[in-house]
Each structure stands twice: as structure tokens, then as C-alpha cells.
1. Just to be sure before I move on: is residue 90 out of contact with any strand residue (DSSP E or B) (no Cβ under 6 Å at 6 or more places or on another chain) and either modelled with pLDDT of 95 or more or outside any strand (DSSP E or B) (or both) in the structure I sent?
2. Do you know which residues across region 126-171 are more than 18 Å from residue 67 (Cβ to Cβ) and surrounded by 18 or more Cβ atoms within 10 Å (Cβ to Cβ)?
3. Kindly provide the set of residues from region 173-191 that are under 15 Å from the mean Cα position of the chain (by Cα) and under 15 Å from residue 125 (Cα atoms), ordered by number.
4. Step by step: first the residues of region 19-44, then only those that are closer than 30 Å to residue 69 by Cβ and surrounded by fewer than 15 Cβ atoms within 10 Å (Cβ to Cβ), then the one that is modelled with the lowest pLDDT. Which residue is that?
5. What residue, of 74, 66, 107, is modelled with pLDDT under 95 and out of contact with any helix residue (DSSP H, G or I) (no Cβ under 9 Å at 6 or more places or on another chain)?
6. Can you name the number of the only condition in (1) part of a loop (DSSP other than H, G, I, E, B); (2) under 22 Å from residue 57 (Cβ atoms); (3) within 15 Å of the chain's Cα centre (by Cα) that residue 108 fails?
7. Report, by residue number, each residue of region 59-68 that is in contact with a strand residue (DSSP E or B) (Cβ under 9 Å, 6 or more places away or on another chain) and either loosely packed, with under 12 Cβ neighbours inside 10 Å or assigned to a helix (DSSP H, G or I) (or both).
8. Restricting attention to region 152-202, and to residues there that are assigned to a loop (DSSP other than H, G, I, E, B) and touching a helix residue (DSSP H, G or I) at 6+ places or on another chain (Cβ under 6 Å), which single residue is nearest to residue 100 (Cα to Cα)?
């Protein structure tokens, strides 16, 4: 269900890494492993949109060009996968989710991110606001490649990386928490790497 594909070459330990940057149970890799639960979507940019939904309605939608026209940031972040690898100092070009959510009147405490291919993941609204989350479309100075979630993915680096949904197409604003794809299959509902919240009950 969750194959590890190209880009993964095993564990690499760097004695020069500050251990305080690496959550418990993780190891640092210089690779960028590719893990997917299904085939990689390839949506033409002219057909791509990002939407914020609320109450069953689309509150706001952006085309690819409209997203690219918004103010962007260069974000450097450490990322941590539930499969126990961490990659430090990853560099992204991204739009803050604060910028997008500011354009929508909302009454919500949670969001459910939805993606091409049917993937979803749930997050508290507080974890995608306040400068903590982005819509990322560039990686390491180049367009984000499809195998890593391009044309755009969520970037929520303070949580395990399955919360940074690949191929994301929008957020549904909710007044209640609704588990997403992996959460329904037994992954932790929140996913804090520093508390090793990998699976339900952790």
C-alpha cells in the first residue's frame, strides 16, 4: 500500500548533525525518498486549481497562474517522515497558507486537505496558520517534481510528512475533526514527530 520507490538508498548518519534537530527514533538522510500510496498524478497546469471549501461550497478558488502571482517565500525547513527518515535544511518556494486563508471568511477549527488521487489528511486550523504551513510549488531552486508532490503540495514541517499532502488541490474548512486517508488506516491523528506520534495510541 505504501511502496518505497526511487530516491531511497538506505540510512546515512552524519556525525556533524546537531542531534537536537532530529526527533526521537529518526535518522538523517541526504536522499529525498519517494513514498506513495498510489500512482503519481500528472495534472496539466492549465487545468489545475486550488480551492478552499466550506459548508459544501467553494469559498475561493485560484488558478495556477493566480497562485504564482501571490507573494511567495523561500522556506528552509527540516522534514521528518513517519518511516523514520529526516532530511534537514530542505529549501522550498511556497505561498503561506495564511495568505490564502485570509481571503476567506471562515468559521472552522479544522481543515481536511484533499488531493488528486483521492488522498486526504486532517489538521487543526491552528497548525496551518500563524506562519506554520505553506502551499509549496518549488523545491531546491526548481519546480516541484511530480514524484515529490508537484505541481504543488502542502508543507507542514512541524508534523510528520504525511500531513504535507502531495498533489494537493484544496482545503475543506470544518467545524469538527475528520480523519484523513492514513489516519483512518491507523496513523496518529495529529502526528507530532517530537512525541513520536506515528500510530493511533502513540
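The values are calculated or read from the model by the stated rules, or taken from the named source; none is laboratory data. Note that the structure is predicted; figures quoted are calculated from it, not measured. Using ideal geometry, Cβ is built from the backbone for each residue, glycine included, and neighbour counts are taken over all protein chains shown.
1. In short, no.
2. 127, 157, 159, 160, 161, 162, 163
3. Correct list: 180, 189, 190, 191.
4. It comes out as 42.
5. 107
6. (3)
7. Residues satisfying the conditions are 64, 66, 67, 68.
8. 156
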